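The structure appears below as structure tokens.
The values are calculated or read from the model by the stated rules, or taken from the named source; none is laboratory data. Quick caveat: nothing in here was measured; it's all calculated off a predicted structure. Here the Cβ positions follow ideal geometry from the backbone for every residue, glycine too, while neighbour counts run over all protein chains shown. Just so you know, the surface numbers come from the protein's heavy atoms only, side chains and all, with ligands and any DNA or RNA stripped out. Shrake-Rupley method; radii C 1.70, N 1.55, O 1.52, S 1.80 Å.
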Amino acid sequence: MKFSASILSASLALGSLGPAAAFVGVRPASMSALRPLGSTAEQQKVETSATTPSSAAAEPPAAPPAEGLNDASAATISPAFAAARDAAAAKLSASIPDPSLAKPLLHFLAEYFAALDAAAASGKKNPDGSDVDPSQAAAEFRQCLGFGMKYGLGVGSPEGKKFTFDDVRWRALRGEEDDGRYGDELKEVLGDDADVDFYATGCDFFRPAMDLEKSLVLGEDNVKKAMEQLAAGENVVFLANHQSEADPQVVSCLFEKLGEEAGELAASVTYVAGHKVTTDPLAVPFSMGRNLLCIHSKKHIDADPETKPAKSRQNMSAMNSMLAGLKEGGMAIWVAPSGGRDRRDVATGKIPVAPFDQKTVDMFRLMGNKSRTPTHFYPMSMVSYDLCPPPDFVEAGVGELRNVRFTPVGIRVCDEIPNVGGAEKRHLFSEKAEEECAEGYVELLRGMGMERYVP
């Protein structure tokens, strides 16, 4: 299949999309003492603002005092969770193969234990009815870190090799049963983990940090309609805003609230993501459990002229693979046309939906039309900012101190936008999708008592 230059340009624009798996990037940092939680001001010291490239001396405006769940500096932790955290931190410090990884990993650990401590204090229960407790926090973090070491860094893996994603359209590893990919080579790579459901482990890691009792899912009728369309062999594309690196887990846990069938839909969704989700040590295990379509960003491609041709070919391969999936039918895709996560306005504390990129939306409409299989488009509003608050400014490189909060999350699946109209009206389709997403977002915020974030 041959693609025009305009399609290639649109495919490159897609690559700036935010990660579809959790915790992308680890910034090298010197060994530092464990802090219960880092303040917003401390995090900004390690950020590089992309908004002031011409002035190294320019300082970002001071953020207002954080409110409610996003006020990390005000967090406290119970003695039981603090003891478990400190024991886990001691083991972690002794086992980290590279001292430069200590600071971000210890920060991540402290955040996770504080989030689950808040969950326990609220009376949150696990799906089996058990309490959230320190041993669960320790076990979940230990498994997450162990997978990151093995598959992201190659520590303890056969021949010390990192896990590699051998296809631009990756299918989640759910255990070897009925999956023809689990041949001798993959079993050798996975070893004792051959029966691990990496999708479930990702959900299990983040589910305790979601206050599902106070979470909100709107648009259930539209979810049912989308499931009927998929069952009929048609395609569905969710055009979503992107707030958290755990957004795939948010989709899964909230769709599960709607019932088993909706939960199965969440597990089948293919997430469009940048290349970092398959190369960063902490992201790799989460990505292994997700259906992904990986695309290099234009910025990443242009950064290294020598590898640009190979990366461009990979992007073309990704487009071919997506088109093939759309032709087969029954494909569900989640994409963030904004190209990244929503960022709060540091002057006001508000969190607006980042603008949609029209070329990205155009490309998905074009692929749907070229597939000759009915393809349906649903804006999806997401509220997940407080779960893993991002830095206030886009960083020039990878790496940031990762944050985790116990918080409600929300999704609204908006009404389908008819895929009609020619090139002269394509901007109206993109504008409508963004408008619906933004309206649903405000509805969620008001319904969840988070009016402070309404832009």
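Out of region 143-166, which residues are open to solvent by 60 Å² or more (accessible area, probe 1.4 Å), over 20 Å from the mean Cα position of the chain (by Cα) and closer than 17 Å to Gly289 by Cβ? Let's see the steps before the verdict.
Taking region 143-166 and keeping what is open to solvent by 60 Å² or more (accessible area, probe 1.4 Å), we get 143, 155-156, 159, 161-162, 164, 166.
From what's left, over 20 Å from the mean Cα position of the chain (by Cα): 155-156, 159, 161-162, 166.
Matches in region 143-166: Lys162, Asp166.
Select from region 247-282 the residues that are small (Gly, Ala, Ser) and modelled with pLDDT of 95 or more and write down the one among them that is farthest from the chain's Cα centre (by Cα). If you could, list the steps in order and put the result at the bottom.
In the first step, residues of region 247-282 are kept if they are small (Gly, Ala, Ser); the result is 252, 259, 262-263, 266-268, 273-274.
Still in the running and modelled with pLDDT of 95 or more: 252, 259, 262-263, 266-268.
On the way: Ser252: 12, Gly259: 22, Ala262: 19, Gly263: 17, Ala266: 14, Ala267: 14, Ser268: 15 Å.
Going through the qualifying residues, I end up with Gly259.
Regarding region 77-87, can at least one residue be identified that is modelled with pLDDT under 85 and surrounded by 12 or more Cβ atoms within 10 Å (Cβ to Cβ)?
Within region 77-87, not a single residue is modelled with pLDDT under 85 and surrounded by 12 or more Cβ atoms within 10 Å (Cβ to Cβ).
Could you tell me whether Ala120 is open to solvent by less than 70 Å² (accessible area, probe 1.4 Å), in contact (Cβ under 8 Å) with a residue 24 or more places away in the chain and either outside any helix (DSSP H, G or I) or small (Gly, Ala, Ser) (or both)? Before the answer, list the steps.
Details: open to solvent by less than 70 Å² (accessible area, probe 1.4 Å): yes; in contact (Cβ under 8 Å) with a residue 24 or more places away in the chain: yes; either outside any helix (DSSP H, G or I) or small (Gly, Ala, Ser) (or both): yes.
So Ala120 fits the description; yes.
Looking at Ala303, is it touching a helix residue (DSSP H, G or I) at 6+ places or on another chain (Cβ under 7 Å) and of a type in the set (Gly, Ala, Ser)? Can you show your working first?
Details: touching a helix residue (DSSP H, G or I) at 6+ places or on another chain (Cβ under 7 Å): no; of a type in the set (Gly, Ala, Ser): yes.
Criteria not met by Ala303.
Check Pro379 against each of (1) assigned to a loop (DSSP other than H, G, I, E, B); (2) closer than 24 Å to Leu218 by Cα; (3) at pLDDT 95 or above and name the one condition it does not meet.
Every listed condition holds for Pro379 apart from (1).
Which of the helices (runs of 4 or more DSSP H) found entirely inside region 167-241 contain at least 1 residues meeting this: closer than 26 Å to Pro408 by Cα, open to solvent by 30 Å² or more (accessible area, probe 1.4 Å) and without any contact (Cβ under 8 Å) to a residue 60 or more places away in the chain? Outline the logic, then answer.
On the way: elements: 184-190, 198-206, 220-231.
Of the helices (runs of 4 or more DSSP H) lying wholly inside region 167-241, those with at least 1 residues that are closer than 26 Å to Pro408 by Cα, open to solvent by 30 Å² or more (accessible area, probe 1.4 Å) and without any contact (Cβ under 8 Å) to a residue 60 or more places away in the chain span 220-231.
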